[in-house]
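Asker: Have a look at the structure that comes next, please.
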Amino acid sequence: MTTAGASADALAEPVERVGRGWTAALSLANGAIWVGWFGPLQILLASQAKNFAPGSGMSKETMLAWVTGAGAAVSLAANPVVGALSDRTTSRRGRRTPWIVAGTAGGALSLLLLARAGGVWSMAAGWCLVQLTLNAAFAAVTAAVPDRVPRLQRGAVGGWLGAAQILGVVGGTGLATAAGGIGAGYAACAVCTVAGVLPYVLRYPDLRLSAADRPPWSWRAFLAGFWLSPRRYPDLGWAWLTRFLMNLSNALVLLYLLYYLRDRLHYHDPGQGVLILTAVNSLTLMATVVAGGVWSDRVGRRKPFVVWSGVLMAVATAALAGWQTWPGAIVASAVLGIGFGVFTSVDFALMTDVLPRALDRGKDLGVINVANALPQVAAPALAAPIVTYLGGYRVLYLVAAAIGLAGAVLVGRIRGVD
């Protein structure tokens, strides 16, 4: 293929369906990146904070909050910036593959450096490096979907990516737990991350962009590109807002779940209760995340799936407010998993359908991905005063249900997608 031909393919709307091997390899790479994130987040960072807190003047909870907050700030910037840089990459290996390779290798090295942290500052620096590098790989993996997958296959591919994400979260937590120590846990996550990405980068060549099709460099234009005007791109603006609201609702549900079980339901072992509810939620989510995407592809529609999954999530969240019993929590967790599974796959396809330009797919998806990360920052600021001063958990879950329902309703404002 000539360079001009490769560039034309890179910027064209894909029409040829991708095979199962390509989907499996990209999903494996996505899951491996989530292993690198969630082994530390669920187990290893908390263990380090517990070790470093004595004598530091901070509690382990405060130290962990500062470290993870710094990492979240890095991830908010890294994803869209690296996505924009990958859009402009003219490497012989393509636009996305160099960033997947560099991000994965950097992430593995950062995990190993984090294992050797000797205090809170080196711990924070290491985690910020992990977020920077793995977000680089994640931005490129995400952008590969609109590059290569035709519109009526994106629901299925989004479903498999979502399933891999769930397995990555579980796998990262399991690796960090089973490794038997902090250093061994980080090493296991680093090895798994690299091993999971290799099949995709070694077996499947990327589409190349010619230098002639790359826009001239300008700092002003580069920075201005991160503002996607809702007036100029209304469908993208509404899609971003609906994703933000749905993820904020879900984050509010999960944030104080341990305290809800302990203080409102008086469950005998709140930690065990959270584990049971998480398992129930994961099982129903796994059952619907691929099926919902495939069904959406077959009928050729997106919005009804996102709307009704949002309504289902809002009903489940409201049940936590009105049916405050252990059986009620189990039912709500199961229903929430069903709704969020469909939402995860179909909303991803919906997002790729409203991207304005092929030349900016990576950057635009990076901006959209901010709607995933920002709720993790906003949820504590919103939830704490509600629980403390404005009515407690009943009001918190009613507010979360209303936010999720608003996200579902606003999907109807997207005009360019059926």
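Asker: Within the group LEU198, LEU202, which residue is free of Cβ contacts under 8 Å to residues at least 12 places away in the same chain, in a helix (DSSP H, G or I), under 20 Å from GLN165 (Cβ atoms) and out of contact with any strand residue (DSSP E or B) (no Cβ under 7 Å at 6 or more places or on another chain)?
Answerer: Values: LEU202 fails: under 20 Å from GLN165 (Cβ atoms).
Going through LEU198, LEU202 in turn, the sole match is LEU198.
Asker: Now for a different question. Quick one: count up the residues across region 266-277 that are open to solvent by 40 Å² or more (accessible area, probe 1.4 Å) and touching a residue at least 24 places away in the same chain (Cβ under 8 Å).
Answerer: Final tally of qualifying residues: 1.
Asker: A follow-up question, please. Can you tell me which residues in region 181-221 are among the basic types (Lys, Arg) and buried (at least 20 other Cβ atoms within 10 Å of the Cβ)? Talk me through it step by step, then tell me what you get.
Answerer: Start the filter on region 181-221 by keeping residues that are among the basic types (Lys, Arg), which leaves 203, 208, 214, 220.
If the condition is that a residue be among the basic types (Lys, Arg) and buried (at least 20 other Cβ atoms within 10 Å of the Cβ), then ARG208 is the only one that fits.
Asker: Let me ask another. Being hydroxyl-bearing (Ser, Thr, Tyr) and closer than 29 Å to PRO304 by Cα is the filter here, so list the residues in region 369-418 that pass it. Full working, then the answer.
Answerer: Of all residues in region 369-418, those hydroxyl-bearing (Ser, Thr, Tyr) come to 388-389, 393, 397.
Residue satisfying the conditions is TYR397 alone.
Asker: Tell me which of these ALA178 doesn't satisfy, since it passes every other one: (1) open to solvent by 70 Å² or more (accessible area, probe 1.4 Å); (2) touching a Phe, Trp or Tyr at 6+ places or on another chain (Cβ under 6 Å).
Answerer: (2)
Asker: Could we say that LEU261 is more than 25 Å from the chain's Cα centre (by Cα) and open to solvent by less than 20 Å² (accessible area, probe 1.4 Å) here?
Answerer: Numbers: more than 25 Å from the chain's Cα centre (by Cα): yes; open to solvent by less than 20 Å² (accessible area, probe 1.4 Å): yes.
So LEU261 passes the test.
Asker: Conditions first: (1) open to solvent by 10 Å² or more (accessible area, probe 1.4 Å); (2) within 12 Å of TRP37 (Cα to Cα); (3) not charged (D, E, K, R). VAL130 passes all but one, so which condition is the exception?
Answerer: It is condition (1) that VAL130 fails.
Asker: Do you know which residues across region 368-408 are β-branched (Val, Ile, Thr) and closer than 21 Å to ALA332 by Cβ?
Answerer: Filtering region 368-408 for residues β-branched (Val, Ile, Thr) gives 368, 370, 377, 386-388, 395, 399, 403.
ILE386, VAL387, VAL395, VAL399, ILE403 - these are the residues of region 368-408 that are β-branched (Val, Ile, Thr) and closer than 21 Å to ALA332 by Cβ.
Asker: Okay, moving on. Can you tell me which residues in region 9-57 are more than 21 Å from GLY181 (Cβ to Cβ), part of a helix (DSSP H, G or I) and aliphatic (A, V, I, L, M)? Can you show your working first?
Answerer: Quick first cut of region 9-57, residues more than 21 Å from GLY181 (Cβ to Cβ) only: 9-34, 55-57.
Those left that are additionally part of a helix (DSSP H, G or I): 9-11, 20-34.
Result: ALA10, LEU11, ALA24, ALA25, LEU26, LEU28, ALA29, ALA32, ILE33.
Asker: For region 360-369, state whether one or more residues are more than 20 Å from the chain's Cα centre (by Cα) and either of a type outside the set (D, E, K, R) or in a helix (DSSP H, G or I) (or both).
Answerer: Quick first cut of region 360-369, residues more than 20 Å from the chain's Cα centre (by Cα) only: none.
Taking every residue of region 360-369 in turn, none turns out to be more than 20 Å from the chain's Cα centre (by Cα) and either of a type outside the set (D, E, K, R) or in a helix (DSSP H, G or I) (or both).
The values are calculated or read from the model by the stated rules, or taken from the named source; none is laboratory data. Values in this document were obtained by computation on a predicted structure and should not be read as measured data. Methodologically, a virtual Cβ is constructed for each residue, glycine included, from the backbone with ideal geometry; neighbour enumeration extends over all protein chains shown. Calculation scope for accessible area: heavy atoms of the full protein, side chains included, ligands and nucleic acids excluded. Shrake-Rupley method; radii C 1.70, N 1.55, O 1.52, S 1.80 Å.
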